[in-house]
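Each value in this text was obtained by applying a stated rule to the coordinates, not by laboratory testing. Bear in mind the structure is a predicted one, so any value in this text is a computation, not a measurement. When we count neighbours, we look across all protein chains shown, and the Cβ atoms used for this are built from the backbone with ideal geometry, even at glycine.
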Amino acid sequence: MDKSQVRKRLAKLARLLVEIIERQPTAFIATEEIDIEGVDQFEYKDGRSTFRPISDTESRHIIDSMRLRKTLESDIRSTEQYLASSKIIQEKYSLNKFATKMRIDQLLWVIARDWLQNGTKNLMDIIDYFLGFLKNEKAQWHVRVLIKGVWMEDDDIVLDDGFIIRKPRPNDFVRKQPMDLKRLSRYTHGPPRLQYDREPSAVVEIHRLARNQSEIFPIVQAVPQILRLFKVGSVKAVVTFYSCESPFEGGSSSWPNVVRSPAYEYKLSIQERDKLKIFFSELEDKITPRVCVNPTIDELTIALERLNKALLDSPSLEERFLFAIMALEALLLGSSERLELRHRLGQRVSRLLAQNSSEALSIYDTVSRSYGVRSAYVHGSQVKRKKGDDLEQLARKILDVARRTIVNRLKSSLSKKQLIAEIDEAIISGKEYEDSSV
């Protein structure tokens, strides 16, 4: 039986349910009270959102679940339409009886809910989504990631049709939940109301085809990581909302238990669009395997984890120096090297990143001084500050060096051993910086 015949069979079953409901429509409709935490007098300026919270309630109609369940049991499951549809679905998609019953019931629940809003105008679309769901086909997902650590000068930056970075809007701060759930627990349904220390400074919208939420999850996880590599910024997701155009894929939201105020922030403008677009296209496929549930473990993954520690989870300056240097060591020091580590690391990093001798000296000095701070901290000594030293500025510099080194390595096709050998050869031979391939 081809798809058109399956659609017709399921359409007969769907119309049977609709006919039963429409005989006594009020019997299938219940009322639910919704609590609304809204926003008034919203303003966004220099990465900060201000607004006046407002509270309200509304009523909405929902399908009476008890009545629908009884109807499925008494009036639907014994009909020729239901039995024929079940047989076709079971055979065509190799499902057992229990799974078939569960899927058909799921279809009928979706049709009943949609009937309440749209009548029968979406009936065939729903059946098509259902058949795509059974075949594990891709559907359009919409993800909204509220982030901190980067803020917007312009309203939005459109990187492609499915990827936008924008300023927060009032609706990003509105929260709705059934009143019954609110009475049970404030955290039962949806994320807690955003507070001053959780409010996003930017919003990322992602629109992608995916078979399920798990398939799109690594892409969503990669976005803050790539933004942390674009510039020095403690970019972190505050809340993530998932939704799917298919009514058979449930949406959800996720949020971390703790979101610290970002240690480092940066601004994005429309002038950086092309650069950012290229940056994402170059790094997405390289970052995604390193932020999934079972990530690729290599020196790059380790360096990323240590940079993240420095940017996101290190309240003290000394810890930021420690993790930044550890990230560089993972990339450019061999496991058997024991002597002159500060000097070797400084030489290799400066040779890798510098475009001229002046920049090389500056990078070498940054690495050397930062290594000294790291060593003092690791060995329990007090960090000595020379006159004119600005450890805050030095910390930002070494984090930028670590960031640039990781980006360089992500783009390189050389192994760690090959890269170190090539850098050391360039140092020994005195190759001109502008002619250096590294």
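Considering only DSSP beta bridges with both partners in the chain, what is the antiparallel share in %, to the nearest 5? Mind dumping the intermediate values first?
Details: 47 of 50 bridges.
If we restrict to bridges inside the chain, about 95 percent are antiparallel.
Would you mind calculating the relative contact order of the chain from Cα pairs under 8 angstrom and at least 6 residues apart, reporting the percent as a whole number? All intermediate terms of the calculation are to be shown ahead of the outcome.
Details: 642 pairs, mean separation 59.5, N = 438.
After rounding, I find 14 percent.
Just want the ordering: Phe323, Phe51, from fewest to most Cβ atoms lying within 10 Å of their own Cβ.
Numbers: Phe323 23, Phe51 16.
Arranged by neighbour count, lowest to highest, Phe323, Phe51 become Phe51, Phe323.
If you average the sequence gap of Cα pairs under 8 Å that are 6 or more apart and divide by the length of region 299-435, what percent do you get for the contact order? Walk me through the numbers before you get to the answer.
On the way: 143 pairs, mean separation 44.0, N = 137.
For region 299-435, the relative contact order is 32 percent.
Reachable lysines from Lys277, Cα under 18 Å, same-chain residues fewer than 8 places away excluded?
Lys167, Lys231, Lys267, Lys286, Lys411
Give the relative contact order (percent, whole number) for region 139-290; include only Cα pairs under 8 Å separated by 6+ residues.
Working: 270 pairs, mean separation 57.3, N = 152.
Once divided by the residue count of region 139-290, the mean separation gives 38 percent.
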